[in-house]
Amino acid sequence: MAYLPRIVDQVITRRLASAGAVLIEGPKACGKSFTAEQHCASSVYLDRDLQALEALTVDPSLVLSGAAPQLVDEWQLDATRVWNYVRHQVDDRRLPGQFVLTGSAVPVDDARRHTGAGRFARVSMRPMSLSESGDSTGVMSLAGMLAGQRPTGERTQHTVADIADLVVRGGWPLNIGLGIEEAAQANVDYLRTIAEVDLSRVDAARRDRRIAERLLGALARNIAMEQKVARLANEAQGDDQPLARSTAYDYLATLQRLLILEEQPAWAPHLRSRATLRKAPRTHFTDPSLAVASLGASPKRLLRDLELLGLLFESMAVRDMRVYAEPLGARVSHYRDSDGLEVDIVVQTRDDAWGAFEVKLGSGRLDDAARNLVAFAAKVDTTRVGAPAVLGIITATGYGYARDDGVMVIPIGALGP
């Protein structure tokens with residue numbers, strides 16, 4: 001299988017030049033190992049090589065002395081021992097680019113709490129964006145727009161039906177090139193493994209598959225919404241099996257450790273008005289295809305429920321924005337205040353350049369979305385956070401251009417890094 005370059009490649013290259021070890025975290029099957037191999041001279045796979053895993057307990061140097069950079073795949077299987085050995089080797093060698101650690105679960109005791117400052121660089125990796133999978137031209141660059149550019153894009157070829165297919169397929173590298181039915185089945189199998197095997201594998205407590213599946217379904221029905229655990233617990237309870245809120249918290253924490261859930265935090269700028277900022281995060285699956293798999297939905301069903309498809313489309317836009325924001329060191333948030341004003345996506349870089357984006361499946365609400373963005377920008381105290389570099393509406397179809405009010409219209413099939 002030929003390697004499809006990933007946007008995170010440039011991030012890994014930079015981190016290997018500045019840190020002794022790079023930690024790549026992301027859900028299983030998002031392509032971490034294949035990507036890491038492109039940057040490494042040697043490798044050890046702890047989930048496949050049981051002898052290597054056993055040798056770690058005897059003498060880590062037997063396993064972790066390959067040519068640099070050395071890939072240590074699924075390092076969390078012996079987290080503390082690997083982390084400490086790599087940390088000491090980085091100190092002793094005094095050279096950047098010695099190790100790349102990849103993991104699809106955060107360790108139980110989170111070995112990263114041991115000091116890694118100046119030694120480890122952390123990189124988040126997600127399923128493929130549309131630009132990486134070849135489903136977006138990428139001509140409307142997020143980095144460019146945050147730098148003040150106003151790119152345009154020819155009419156994209158996507159229809160709303162195409163968007164439904166892309167949401168169902170997801171950004172999993174192994175799904176690229178599969179038929180939609182085959183990709184959908186692969187995602188159902190992926191989620192079943194999470195519920196039946198992985199939850200209990202990474203957590204000392206035994207997890208009930210039925211509770212996990214019901215909770216995943218509740219999360220899918222509330223995708224791109226603010227997380228209210230009480231509501232999720234209520235929706236996830238069985239006919240004769242109430243689900244305590246504390247139990248729901250435990251399951252959610254484990255799903256986050258498996259990196260298949262990701263919170264979108266609330267943005268908290270200084271405001272000109274007296275409105276109160278809402279602080280609750282929104283919750284997304286790391287890829288919206290998992291929400292589809294949990295609901296057992298098909299593209300035809302999504303096209304009959306455009307409200308649900310709109311929420312899934314928003315989640316796909318958040319996924320892609322996170323991928324495009326990673327090389328910029330930017331944070332992807334949302335905004336909501338007590339006046340009821342909401343903005344779907346806010347991207348802010350480390351040097352405080354920021355942009356705000358609404359996500360609309362249909363083109364009939366562009367004027368409403370633009371007015372919302374302009375009202376939001378007027379509310380922010382720009383003397384403290386600066387004026388927005390870009391206000392934009394991410395759409396499913398159509399042309400890319402700047403409106404007369406300055407708001408950008410950005411088809412997702414033209415959005416790129």
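The values are calculated or read from the model by the stated rules, or taken from the named source; none is laboratory data. Nothing here was measured: the structure is a model prediction, and the numbers come from that model. Glycine also receives a Cβ, built like all others from the backbone with ideal geometry; neighbour counts cover every protein chain displayed. Surface areas here come from the heavy atoms of the whole protein model, side chains and all, with no ligands, DNA or RNA. Shrake-Rupley method; radii C 1.70, N 1.55, O 1.52, S 1.80 Å.
Details
- Any hit, the stretch 231-244, residues being touching a residue at least 24 places away in the same chain (Cβ under 8 Å), part of a helix (DSSP H, G or I) and either touching a helix residue (DSSP H, G or I) at 6+ places or on another chain (Cβ under 8 Å) or charged (D, E, K, R) (or both): yes
- When the residues of the stretch 254-271 are filtered to those that are in a loop (DSSP other than H, G, I, E, B), farther than 29 Å from Ala377 by Cα and of a type outside the set (Val, Ile, Thr), the one that is farthest from the chain's Cα centre (by Cα) is Leu258.
- Looking only at the stretch 369-407, residues that are among the hydroxyl-bearing types (Ser, Thr, Tyr) and either closer than 18 Å to His270 by Cα or under 25 Å from the mean Cα position of the chain (by Cα) (or both) come to 4 in all.
- Reported count of residues in the stretch 337-382, each being in contact with an Asp or Glu (Cβ under 7 Å, 6 or more places away or on another chain) and within 20 Å of Ala143 (Cα to Cα), is 6.
- In a residue-by-residue description of the stretch 213-221, the property of being outside any loop (DSSP other than H, G, I, E, B), open to solvent by 30 Å² or more (accessible area, probe 1.4 Å), touching a residue at least 40 places away in the same chain (Cβ under 8 Å) and farther than 30 Å from Ala378 by Cα applies to at least one position.
- Failed item in (1) open to solvent by less than 10 Å² (accessible area, probe 1.4 Å); (2) modelled with pLDDT under 95, with Leu142 passing the rest: (2)
- Checklist (1) assigned to a helix (DSSP H, G or I); (2) in contact with a strand residue (DSSP E or B) (Cβ under 8 Å, 6 or more places away or on another chain); (3) open to solvent by 30 Å² or more (accessible area, probe 1.4 Å) applied to Leu16, failing item: (3)
- Condition check for Arg274: outside any helix (DSSP H, G or I), closer than 30 Å to Trp354 by Cα and not hydroxyl-bearing (Ser, Thr, Tyr): yes
- Taking the stretch 20-132 as the region of interest, the strands (runs of 3 or more DSSP E) fully inside it that hold 3 or more residues being open to solvent by 10 Å² or more (accessible area, probe 1.4 Å) are 42-45, 120-124.
- If you go through the stretch 189-212 and pick out every residue that is crowded, with 16+ Cβ neighbours inside 10 Å, farther than 26 Å from Met321 by Cβ and among the β-branched types (Val, Ile, Thr), you end up with 2.
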